[in-house]
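A short reminder: the numbers here are calculations on the coordinates, not readings from a lab. Small disclaimer: the values here were computed from a predicted structure and weren't measured. Because the Cβ atoms are built from the backbone with ideal geometry, glycine has one as well, and the counts that use them run over all protein chains shown.
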Amino acid sequence: MKKAALFFTLLFFLFFAKTASAADKSNDELYQELLQNYRRYQGLVEPFNIQRSRHLTYQSVATQADFLDAAKNLASAEVEAIISYTSFIRTYLAQATQILNYKENYLYVMLDDELVYLSSAKSNVGSLSSLSDTQSFLDELSSHYKKISQIGYQVKSLVEIGSAEKTLENIKIETGKIENLLGEIKEEDAKIYAAKEKFSSLKKELQTVEELINKAGNKLKNTSKDSNFEGISKGIRESVDQSITAFGSIVSGYQNIVSSLK
């Protein structure tokens, strides 16, 4: 029997870990619970492999019974870890929704459906009575984990794009203020000309960043349920990272303009 593949990208969760509390447990609490359950799962992989090797070698009733127990223990730990993972994503989505005014609810529905399945799966582990039944259970669990993981990447991208859009909105407000300030200045000297030229250049850079963010948002919008959200998420993260770098350059440029006019 092969075990179902369960892998968590911890850097992905570290990105989420410093968020405000929501629902019954804070994200920090759910993150710690996730780590604890995942470590428990990891700790049961080696005993599972040992019992599998013994059974493949001896093919006895005793080794089959030991292997079945190890498989059920691993399956139970895997379900608990995936429940923590799913709850963590849902809580983060709820918290991000409040900040970013995200209005769609289909991801909530999908996550709630998976939590219903996982609750049932948790109850069913104890009734597994054969290696073939356990393998079927693990295969089905792996399929659900893949769905949940894809939802996780969607949530991650939604938050990254939403955060970039909020930053863009704030910088555009400051852009308007500086534009008004420069428009009110009647003096004409080299410093004023330089400030206005620099500002014009930064505005063009900001427009380029806005197009980059819009393109990233469209990548996420133009998807289907069968899309590879992990791959899409990587591309979106690259665009957001470029935007963050550009935002820093633009803000620094604005600060230089303002200080030069004092």
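Quick one: putting +1 on the C-beta of Lys and Arg, -1 on the C-beta of Asp and Glu, what dipole do you get for region 162-260 around its Cα centre, in Debye to the nearest 20?
Using Cβ point charges on Lys, Arg, Asp and Glu, region 162-260 gives about 260 debye.
Provide Tyr117, Tyr58 in ascending order of the number of other Cβ atoms located within 10 Å of each residue's Cβ, fewest first.
With the sparsest Cβ surroundings first, the list reads Tyr58, Tyr117.
For region 106-178, take N as its residue count and report Rg(C-alpha) divided by 2.2 N^0.38 Å.
Rounded to two decimals, the normalised Rg is 1.85.
Within a 10 angstrom radius of the beta carbon, how do Arg40, Arg52, Arg90 rank from fewest other beta carbons to most?
Result, fewest neighbours first: Arg40, Arg52, Arg90.
Please enumerate, by chain and number, the aspartates and glutamates with C-alpha under 17 Å from the C-alpha of Lys219, excluding those fewer than 8 residues away in the same chain.
Glu104, Glu160, Glu165, Glu210, Glu211, Glu230, Glu238, Asp241
Normalised by the residues of the chain, what does the relative contact order come to in percent, with Cα pairs under 8 Å and at least six apart?
The normalised contact order for the chain reaches 20 percent.
So for the chain, taking the charge dipole from beta-carbon charges (+1 Lys/Arg, -1 Asp/Glu), which of Asn49, Phe67, Ser157 sits furthest toward the positive end?
Most positive-ward Cα: Asn49.
Could you tell me which residue out of Val258, Leu202, Gly231 lies farthest along the dipole of region 162-260 toward its positive end? Charges go on the beta carbon: Lys and Arg +1, Asp and Glu -1, centred on the Cα centre.
Comparing the listed Cα positions along the dipole, Gly231 ranks first.
If you add up the charges near Gly248, with Lys and Arg at +1 and Asp and Glu at -1, over every other residue whose beta carbon is less than 14 angstrom from its beta carbon, what do you get?
Every neighbour counted, the sum reads -3.
What is region 50-196 by shape, rounded, prolate or oblate, if you read a ≥ b ≥ c off the alpha carbon gyration tensor as root eigenvalues and call it rounded for a/c under 1.5, prolate for a/b larger than b/c, and oblate otherwise?
prolate
Between the helical axis of 229-260 and the dominant principal axis of the chain, each derived from Cα atoms, what acute angle in degrees is found, rounded to the nearest 10?
Rounded to the nearest ten degrees, it is 30.
Identify which of the listed values of Cα Rg over 2.2 N^0.38 Å was calculated from the structure shown: [x] 0.98; [y] 1.41; [z] 1.11.
Only one listed value fits the structure, namely [y].
Once the other residues with Cβ under 14 Å from the Cβ of Lys146 are scored (Lys, Arg +1; Asp, Glu -1), what is the net sum?
-4
Which whole-number value in Å³ per residue fits the convex hull of the alpha carbons of region 195-262?
Convex hull volume per residue, Cα atoms: 61 Å³.
Of the listed pairs Lys147/Lys234; Lys166/Lys221; Lys122/Lys234; Lys177/Lys215; Lys156/Lys198, which have alpha-carbon separations greater than 23 Å here?
In this structure, Lys122/Lys234; Lys177/Lys215; Lys156/Lys198 lie more than 23 Å apart at Cα.
What is the order of Thr208, Thr91, Thr57, fewest Cβ neighbours within 10 Å to most?
If I rank by nearby Cβ atoms, fewest first, I get Thr57, Thr208, Thr91.
Along its principal axes, what span do the Cα atoms of region 126-262 show, with the longest given first and each in whole Å?
Principal-axis extents of region 126-262 (Cα, largest first): 87, 26, 17 Å.
Roughly what angle does helix 61-100 make with the longest principal axis of the chain, taking Cα atoms, 0 to 90 degrees, to the nearest 10?
20
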